[in-house]
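The values are calculated or read from the model by the stated rules, or taken from the named source; none is laboratory data. Computed from a predicted structure; not experimentally measured. With ideal geometry, Cβ positions are generated from the backbone for all residues, glycine too; neighbour counts draw on all protein chains shown. When the accessible area is computed, the model is the full protein with side chains, heavy atoms only, and any ligands, DNA or RNA have been set aside. Shrake-Rupley method; radii C 1.70, N 1.55, O 1.52, S 1.80 Å.
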Amino acid sequence: MIEIKKEKDCCGCGACADICPKMCINLLFNENGFLFPKVDKNLCINCQLCNKVCPIYNVRKRRTKNEFYAGQNIDNKIRNRSTSGGIFFAVAKKILDDGGIVYGTALTDNARSAEFRRIDKIEELSVLMGSKYIQSKTANVFKLVKQDLNQEKTVLFVGTPCQVEGLKKYINTNFSNLYTMDLVCHGVASQKVWAEYIKYHVKETNKKLIDVNFRSKIIGWNKGGSMQILFDNDSIYYKNFREDLFGRAFNANLVFRSSCENCCFKGFSRISDITLGDFWGIKEFVKNFDDDLGTSLIIVHSEKGKEILKALSSKLNVSRVKAYEAVKKNPCIVESIKPNKNKEDFFRKLGNEPFEELIEKYAMIEINLWRNLRRKVYRNLIRVWEQIDEYISS
């Protein structure tokens, strides 16, 4: 029986719930809005399958010679609708065009929550596009993926690194028809914080919220995009994500689950086929990509990843880059976020005091000189490792 003694030891991936033969594990939100397993001890037969599939209890990584790219979809309309460079859309469309299935995260309940959705039609793909910064529920998704794989359908599964790890643990078979993509993940935010944020906007506007775009490009991509909210009378709220109340809390590392502050899945040795993220700082390395419409960072980890990227050569503009160039402005690839020292006080008062006042009081970004120095040293080490690798390979 799985027992979570410390919150940092659970990422909420849901593999334990899906593997349980007695269906006695449910993922429920705790008082701070994070998903954790709850076990019905009366039904548990102590088979230990839940412990065997836990990605944190059984961390595994593979060493691969990764390839790093900056990438853009050649269709600017697709790129403008995407969070970054439109690479996910191209890969997912390829899978769907070939008769496959795509699993990814969609917003539900008028953007109040998020969950995984199974897509088999190109017309449905738009709901999976764009970043969602709250944790998506995975109930029964791993079961559905394995069912599709056993029926010899090609499957693309896209999620956070821990969700991909959870899926691989659950399946426990090397299916050639499974493609996985994980994300350069900053962390997943509390459902409770998101609910309070939505409540604030509904109260302020006295309007019904219809949809949310966490990273709209209405003011461009280079500045991090805008939080954009659509209300029922077609009125729109948008604000630079760094200035928006939720964005401020997010960037101040105030709202994340404990496992994100001690993430086991950082680095380049990942079990996914491809990692996707924003290529921040692209103007320093591939200047002709700096058009403010968005550029993706693509890290290829496997032969399957190489194959699918090659198959999309006519749909994408890509440029090979070095590992240290990828990391320079995107440290979340290799290191966990630092928890905000105000987090405990913030959650204790959340829901009891006005949301905007809590953000003003607690969402402060700390400048950590030692941390910045460590990042610089790490980037330089990557550069040295690359040079050694090139020398050995030549």
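So, in region 179-198, how many residues would count as being closer than 16 Å to Phe347 by Cα and open to solvent by 10 Å² or more (accessible area, probe 1.4 Å)? Can you show your working first?
Going through region 179-198, the residues closer than 16 Å to Phe347 by Cα turn out to be 188-197.
From what is left, the residues that are open to solvent by 10 Å² or more (accessible area, probe 1.4 Å) are 188, 191-192, 195-196.
So the answer is 5.
Just wondering, is there one or more residues in region 289-301 that are over 17 Å from Asn80 (Cα atoms) and surrounded by fewer than 17 Cβ atoms within 10 Å (Cβ to Cβ)?
Pass one, region 289-301, residues over 17 Å from Asn80 (Cα atoms): 298-301.
Keeping just the survivors that are surrounded by fewer than 17 Cβ atoms within 10 Å (Cβ to Cβ) gives none.
Checking region 289-301: not a single residue is over 17 Å from Asn80 (Cα atoms) and surrounded by fewer than 17 Cβ atoms within 10 Å (Cβ to Cβ).
Mind checking whether some residue in region 87-96 is closer than 23 Å to Ile229 by Cβ, of a type outside the set (A, V, I, L, M, F, W, C), touching a residue at least 12 places away in the same chain (Cβ under 8 Å) and buried (at least 16 other Cβ atoms within 10 Å of the Cβ)?
no
Has region 350-360 got at least one residue that is closer than 19 Å to Asp182 by Cα, β-branched (Val, Ile, Thr) and either surrounded by 17 or more Cβ atoms within 10 Å (Cβ to Cβ) or touching a residue at least 40 places away in the same chain (Cβ under 8 Å) (or both)?
First, the residues of region 350-360 that are closer than 19 Å to Asp182 by Cα: none.
No, region 350-360 has no match at all.
Which pairs have Cβ atoms under 8 Å, sit 6 or more apart or on different chains, and link a residue in region 110-125 that is on the phi > 0 side of the Ramachandran plot to one that is part of a helix (DSSP H, G or I) and buried (at least 17 other Cβ atoms within 10 Å of the Cβ)?
Ala111/Ile198
Residues Ala106, Ala111: which one is surrounded by 15 or more Cβ atoms within 10 Å (Cβ to Cβ), in contact with a Leu (Cβ under 7 Å, 6 or more places away or on another chain) and in a loop (DSSP other than H, G, I, E, B)? So that I can check it myself, show each step before the final result.
Details: Ala106 fails: in a loop (DSSP other than H, G, I, E, B).
Residue meeting the stated conditions: Ala111.
Quick check on Cys264: is it under 17 Å from the mean Cα position of the chain (by Cα), modelled with pLDDT under 95 and either surrounded by fewer than 22 Cβ atoms within 10 Å (Cβ to Cβ) or closer than 29 Å to Gln72 by Cβ (or both)? If you could, list the steps in order and put the result at the bottom.
On the way: under 17 Å from the mean Cα position of the chain (by Cα): yes; modelled with pLDDT under 95: yes; either surrounded by fewer than 22 Cβ atoms within 10 Å (Cβ to Cβ) or closer than 29 Å to Gln72 by Cβ (or both): yes.
Taking the combined requirement at face value, the residue satisfies it.
Please identify the pairs in which a residue from region 2-28 that is at negative phi has its Cβ atom under 8 Å from the Cβ atom of a residue that is assigned to a strand (DSSP E or B) and among the aromatic types (Phe, Trp, Tyr), counting only partners at least 6 apart or on another chain.
Ile4/Phe36; Glu7/Phe36; Cys10/Phe36; Leu27/Phe36; Leu28/Phe36
Would you be able to say whether some residue in region 53-65 is open to solvent by 30 Å² or more (accessible area, probe 1.4 Å), outside any helix (DSSP H, G or I), free of Cβ contacts under 8 Å to residues at least 24 places away in the same chain and touching a Phe, Trp or Tyr at 6+ places or on another chain (Cβ under 9 Å)?
no
Among the residues of region 127-161 satisfying the criterion of being in a helix (DSSP H, G or I) and open to solvent by 20 Å² or more (accessible area, probe 1.4 Å), which is farthest from Phe116 (Cα to Cα)?
Looking only at region 127-161, we keep the residues that are in a helix (DSSP H, G or I), and these are 127-128, 141-150, 161.
Narrowing further to those that are open to solvent by 20 Å² or more (accessible area, probe 1.4 Å): 127, 143-144, 146-147, 150.
Numbers: Val127: 11, Lys143: 12, Leu144: 11, Lys146: 15, Gln147: 16, Asn150: 20 Å.
Among those residues, the one meeting the criterion is Asn150.
Has region 115-124 got at least one residue that is open to solvent by 30 Å² or more (accessible area, probe 1.4 Å), within 21 Å of Leu167 (Cα to Cα) and in contact with a Lys or Arg (Cβ under 6 Å, 6 or more places away or on another chain)?
At the first step, the residues of region 115-124 found to be open to solvent by 30 Å² or more (accessible area, probe 1.4 Å) are 115, 117-118, 120-124.
Then drop every residue that is not within 21 Å of Leu167 (Cα to Cα), which leaves 115, 117-118, 120.
Okay, now just the ones that are also in contact with a Lys or Arg (Cβ under 6 Å, 6 or more places away or on another chain), so 115.
There is at least one residue in region 115-124 that is open to solvent by 30 Å² or more (accessible area, probe 1.4 Å), within 21 Å of Leu167 (Cα to Cα) and in contact with a Lys or Arg (Cβ under 6 Å, 6 or more places away or on another chain).
For region 310-332, how many residues are at pLDDT 95 or above, open to solvent by less than 50 Å² (accessible area, probe 1.4 Å) and touching a helix residue (DSSP H, G or I) at 6+ places or on another chain (Cβ under 8 Å)?
Total meeting the criteria: 3.
Looking at Asn172, Asn140, Asn177 in this structure, which one is farther than 25 Å from Phe241 by Cα, among the polar types (S, T, N, Q) and touching a Leu at 6+ places or on another chain (Cβ under 7 Å)?
Selected residue: Asn177, the only one of Asn172, Asn140, Asn177 that is farther than 25 Å from Phe241 by Cα, among the polar types (S, T, N, Q) and touching a Leu at 6+ places or on another chain (Cβ under 7 Å).
Quick one: which residue in Ile365, Ile337 is open to solvent by 30 Å² or more (accessible area, probe 1.4 Å), under 25 Å from Cys11 (Cα atoms), at pLDDT below 95 and among the β-branched types (Val, Ile, Thr)?
On the way: Ile337 fails: open to solvent by 30 Å² or more (accessible area, probe 1.4 Å).
Sole residue among the options that is open to solvent by 30 Å² or more (accessible area, probe 1.4 Å), under 25 Å from Cys11 (Cα atoms), at pLDDT below 95 and among the β-branched types (Val, Ile, Thr): Ile365.
Residue by residue, here is whether (1) out of contact with any strand residue (DSSP E or B) (no Cβ under 7 Å at 6 or more places or on another chain); (2) within 23 Å of Val334 (Cα to Cα) holds:
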{"position": "Tyr170", "(1), (2)": "yes, no"}
{"position": "Asn177", "(1), (2)": "no, no"}
{"position": "Gln191", "(1), (2)": "no, no"}
{"position": "Asn206", "(1), (2)": "yes, no"}
{"position": "Asn213", "(1), (2)": "no, no"}
{"position": "Ile229", "(1), (2)": "no, no"}
{"position": "Arg242", "(1), (2)": "yes, yes"}
{"position": "Arg248", "(1), (2)": "yes, yes"}
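Of everything in region 340-349, what is open to solvent by 50 Å² or more (accessible area, probe 1.4 Å) and either among the basic types (Lys, Arg) or within 13 Å of Gly267 (Cα to Cα) (or both)? Give them in sequence order. It would help to see each step written out before you state the result.
Here is the first cut: in region 340-349, the residues open to solvent by 50 Å² or more (accessible area, probe 1.4 Å) are 341, 344-345, 348-349.
Once the filter is applied, which keeps residues that are open to solvent by 50 Å² or more (accessible area, probe 1.4 Å) and either among the basic types (Lys, Arg) or within 13 Å of Gly267 (Cα to Cα) (or both), region 340-349 yields Lys341, Arg348, Lys349.
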